[in-house]
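Derivation of every value follows stated rules applied to the coordinates shown; laboratory data play no part. Remember, predicted model here, so these are calculated numbers, not experimental data. With ideal geometry, Cβ positions are generated from the backbone for all residues, glycine too; neighbour counts draw on all protein chains shown.
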Amino acid sequence: MLAELHVENFGLMETVRLNFGSGLTAFTGETGAGKSMLIDALGVLLGGRASMELIRHGETRARIEGVFENLAPETLLRIEEAGYPAEDGQLFLFREINSAGKNVCRVQGRSIPLTLYRSLCVGLVDIHGQIEHLSLFNPETHQNLLDGLGGLQEDVDAVNKAAKAYQKVIRKERELSVSEEERQKREEILRYQIEEIERVSPVSGEEEGLTQERKRLVNSEHISSLISEAYAALYEGSSGNSAAFDLLGQALKALQELQRLDDSLNISEQMESVYYSVEDLADQIRTYRDSCEFEPGRLDQIEERLIQLKRLRKYGSTVEEILAKRAGMLQELDQITNIQEQFAAIDHEKKTTRKAYETVAKELSKKRREVAKGIEHGLAQELADLGLEKSRFEVRFVPHDEPTLGGAETAEFYFTANFGEPPKPLAKVASGGEMSRLMLALKSMLAKVELVDTFIFDEVDSGVGGRTIHRMGEKLAKIAMNKQVFCITHAAQVAAFAESHYGIVKELIDDRTRTKVNMLSESERIEELARMLGGGEIEITRKHAQELWQRSGAFYRS
């Protein structure tokens, strides 16, 4: 349960520190005093949406801190497995919104990401406000509520997994189910494209080699001239000029003779190395020259081959990409030509996955109908307690022809508040007051099986009056016997049942408006109840409030 709540610079709340116990706690005050703002702060603490607009004007940050204790074993295990074990059985939560737009989240004093923070807050508090109240008008919410009341989430997950497997097979079948004419057209295109590539038969690296050879052939005359000139200068010599090799030979002989006469200049071996290196170079040049026999017509062959390869560029920018494209087309062609075998395999897979779905869906449907009967029976008593003893509530199911997420049917709530009138879809027959009582009745049933220890009802008595409002107070008090319940209300008949009562007021101090939350004493409670009753002579209203306080207090003593 929520033991402590500290709010700082949130909306109109400058500093609010509250300590809570078990049972029913009421929050009351004038319209606009900031009652719902307190719930908004708690929602932010539990990982709800936070924005800079929530920061008190003139401040740079807003903070909300909460301490939870007497946690459920499932919650203790979850936070321990996440690495944030409870300290002395307590869970410390902290959330800060700052003007820089950043969120600071801490659990047990340690900063954590918002996503993880939210997951750790799941199941701590159940907040019921007008938005949830109105959600009952949407039939899409009914099945989730039914499954929640029945604890059927694991069964729903199994059905969804089976449905996804079946739908995946259906998508594969649909992709294959192209018309015969379109398949034939596609087969013709694939065969033509594959044949076009195979006719050219490109080889990896071929285009680069041909481009280099083409360059040599285009410059063949100039290449021949240059190689002849280099060989002549290096080895053959020319008219009137000795070759470099001959001159190096002469220099070598002279140095060898010089070394016999004076061995102080010992470089003849270096010259000998240069001499033989030049001879090797000359051999390499001669070999290259002899190989440069340019085949007539070879350039035309290369040009034609490069044109063929270029035409294949529509399949890829490189030969490797073209060959990869061809492999993909061959695979697709194989699929098209073996379509019947694939259809047979898919048909078998479809039957298998559908059977698996029907098995788990049938079990879920059986459990849902059992839960529905329990809800119908339980709500009859709960609604009678709230002044709707003539009402009738039904859960009806609309079956699906094909496997779908959520199960083999869709649940929808039907309701009538008048005896003798047939139930109709909830959205068409329930008034605002009836919807409030129906939601409270559902929450009352949920409280008996729900692991959440703290329930918050924000103006759940909206649209309800007369004797029924007193019954709603009793119902909230009954829920609070096993759960911690917070209730924001405008009804004195509801607030009178609270074990703890907080008054919320706005004050103007130093030209600033502040919302204050004060725990009321017995005398202050009676004054607040009198204010809420309103009308009539002051003393009579106060006496009425006193009687209401005493009568409601007798509920706990009975």
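Past 26 Å, Cα to Cα: identify those pairs from 35/428; 164/325; 172/366; 390/428; 362/390, in the order given. Let's see the in-between values first.
Values: 35/428 31 Å; 164/325 32 Å; 172/366 31 Å; 390/428 18 Å; 362/390 34 Å.
The pairs that break the limit, which is 26 Å between Cα atoms, are 35/428; 164/325; 172/366; 362/390.
Neighbour counts of other C-beta atoms within 10 Å: give me 310, 367 arranged from fewest to most. Present the calculation step by step, with values, prior to reporting the outcome.
Numbers: 310 10, 367 16.
Fewest to most other Cβ atoms nearby, the residues stand as 310, 367.
Calculate the length of the line joining the C-alpha centroid of region 239-315 to that of region 493-514, in whole Å.
Region 239-315 and region 493-514 have Cα centres separated by 104 Å.
What does the helix-only formula give at 222 nm for the chain: each DSSP H stretch with n ≥ 4 adding -39500 (n - 2.57), the total divided by the residues, and the result rounded to the nearest 500 deg cm²/dmol?
Values: 20 runs with 307 residues, N = 558.
Mean residue ellipticity, 222 nm, calculated: -18000 deg cm²/dmol.
Quick one: which residues, 5 or more positions from residue 126 or on another chain, have an amide H under 5 Å from its amide H? H modelled 1.01 Å from N in the peptide plane, none for Pro or chain starts.
Result for residue 126 returns 454, 455, 456.
Looking at region 370-440, which GluC sites (Glu not before Pro) are DSSP coil and have at most 15 other C-beta atoms within 10 Å of their C-beta? Display every interim value, and only then the final one.
Values: sites: 370, 376, 382, 389, 394, 409, 412, 434; in loops: 389.
Those that pass, being in a loop and sparsely packed, are 389.
Tell me, what ³J(HN,Hα) does each residue in region 22-31 have, in order and in whole Hz, if you take phi through Karplus 6.51 cos²θ - 1.76 cosθ + 1.60 with θ = phi - 60° and put x for Gly and Pro?
Going residue by residue, I get 7, x, 9, 10, 10, 10, 9, x, 5, 4 Hz, with x marking Gly and Pro.
Hey, what D do you get for region 3-136 in µm²/s if you plug the Kirkwood alpha-carbon radius into Stokes-Einstein at 10 °C and 1.306 mPa s? Before the final figure, lay out each step's value.
Working: Rh = 15.8 Å.
Value of D from the Cα-based Kirkwood radius: 101 µm²/s.
Which one, 415, 159, 517, is farthest towards the positive end of the dipole of the chain when Lys and Arg carry +1 and Asp and Glu -1 on their Cβ?
415
Which helices pass in the chain if a helix is a full DSSP H run, must span at least 15 angstrom along its long axis by Cα, and must have mean Kyte-Doolittle hydropathy not below 0.5?
Working: long enough: 35-45 (16 Å, 1.38); 153-176 (35 Å, -1.07); 180-200 (30 Å, -1.75); 206-218 (18 Å, -1.52); 220-231 (16 Å, -0.01); 244-261 (26 Å, 0.26); 268-291 (35 Å, -1.02); 298-311 (20 Å, -1.04); 319-337 (27 Å, -0.02); 339-385 (65 Å, -0.97); 432-449 (26 Å, 0.58); 466-479 (21 Å, -0.61); 522-533 (16 Å, -0.67); 538-557 (29 Å, -0.97).
Correct list, ordered by number: 35-45, 432-449.
Between residue 170 and residue 538, what is the FRET efficiency for a Förster distance of 51 Å, r being their Cβ-Cβ separation, to the nearest 0.05? Don't skip to the end; give the middle numbers.
On the way: r = 73 Å, r/R0 = 1.43.
The formula returns an efficiency of 0.10 here.
Please report the antiparallel percentage of the DSSP beta bridges confined to the chain, to the nearest 5. Walk me through the numbers on the way to the answer.
On the way: 49 of 66 bridges.
That works out to approximately 75 percent antiparallel.
How long are the semi-axes of the equivalent ellipsoid of region 60-196, defined as square roots of 5 times the Cα gyration tensor eigenvalues? Whole Å, largest first. If you can, show how the numbers build up before the last one.
Values: eigenvalues 503, 111, 63 Å².
Rounded to whole Å, the semi-axes are 50, 24, 18.
Taking every pair of Cα atoms in the chain, average 1/r, invert it to obtain the Kirkwood radius, and report Rg/Rh to two decimals. Could you put the intermediate results ahead of the total?
Working: Rg = 44.6 Å, Rh = 32.7 Å.
Looking at the chain, the ratio lands at 1.37.
For the chain, what relative contact order do you get, as a whole percent, if you take Cα pairs closer than 8 Å and at least 6 residues apart? It would help to have the intermediate numbers written out before the result.
Details: 757 pairs, mean separation 122.1, N = 558.
Taking the mean separation of contacting Cα pairs over the length of the chain, I get 22 percent.
Where the Cα atoms of region 183-337 are projected onto their three principal axes, how long is each span, largest first, in whole Å?
95, 34, 18
Could you name the aspartates and glutamates whose alpha carbon sits less than 16 Å from that of residue 478, not counting residues in the same chain fewer than 8 places away?
Once the sequence-local aspartates and glutamates are set aside, what remains near residue 478 is 382, 385, 450, 453, 461, 499.
If you add up the charges near residue 83, with Lys and Arg at +1 and Asp and Glu at -1, over every other residue whose beta carbon is less than 15 angstrom from its beta carbon, what do you get? Mind showing how you got there, number by number?
Working: positive: 78, 106, 110; negative: 80, 81, 87.
Once positives and negatives cancel, what remains is 0.
Could you tally the net charge around residue 236, taking each other residue with its Cβ under 10 Å from the Cβ of residue 236, Lys/Arg +1 and Asp/Glu -1? Write out the running numbers ahead of the final one.
Numbers: positive: 286; negative: 246.
Net of charged neighbours comes to 0.
Give me 126, 461 sorted ascending by neighbouring Cβ count inside 10 Å, so fewest comes first.
On the way: 126 19, 461 24.
Neighbour counts put them in this order, fewest first: 126, 461.
Rank by packing, highest mean first: peptides 155-162, 71-78, 437-444, with packing defined as the count of other Cβ atoms within 10 Å averaged across residues. Write out the running numbers ahead of the final one.
Details: 155-162: 18.2, 71-78: 13.9, 437-444: 23.6.
Most protected by this proxy first, the peptides run 437-444, 155-162, 71-78.
Cut-off is 10 Å between beta-carbons; in what order do 141, 515 appear when sorted fewest neighbours first? Don't skip to the answer; put the middle values down first.
Details: 141 14, 515 23.
Taking fewest neighbouring Cβ atoms as first place, the list is 141, 515.
For region 96-110, take each phi angle, set θ = phi - 60°, evaluate the Karplus expression 6.51 cos²θ - 1.76 cosθ + 1.60, and give the result in whole Hz per residue in order, putting x for glycine and proline.
After applying 6.51 cos²θ - 1.76 cosθ + 1.60, I find 10, 10, 10, 5, 7, x, 9, 10, 10, 10, 9, 10, 6, x, 10 Hz.
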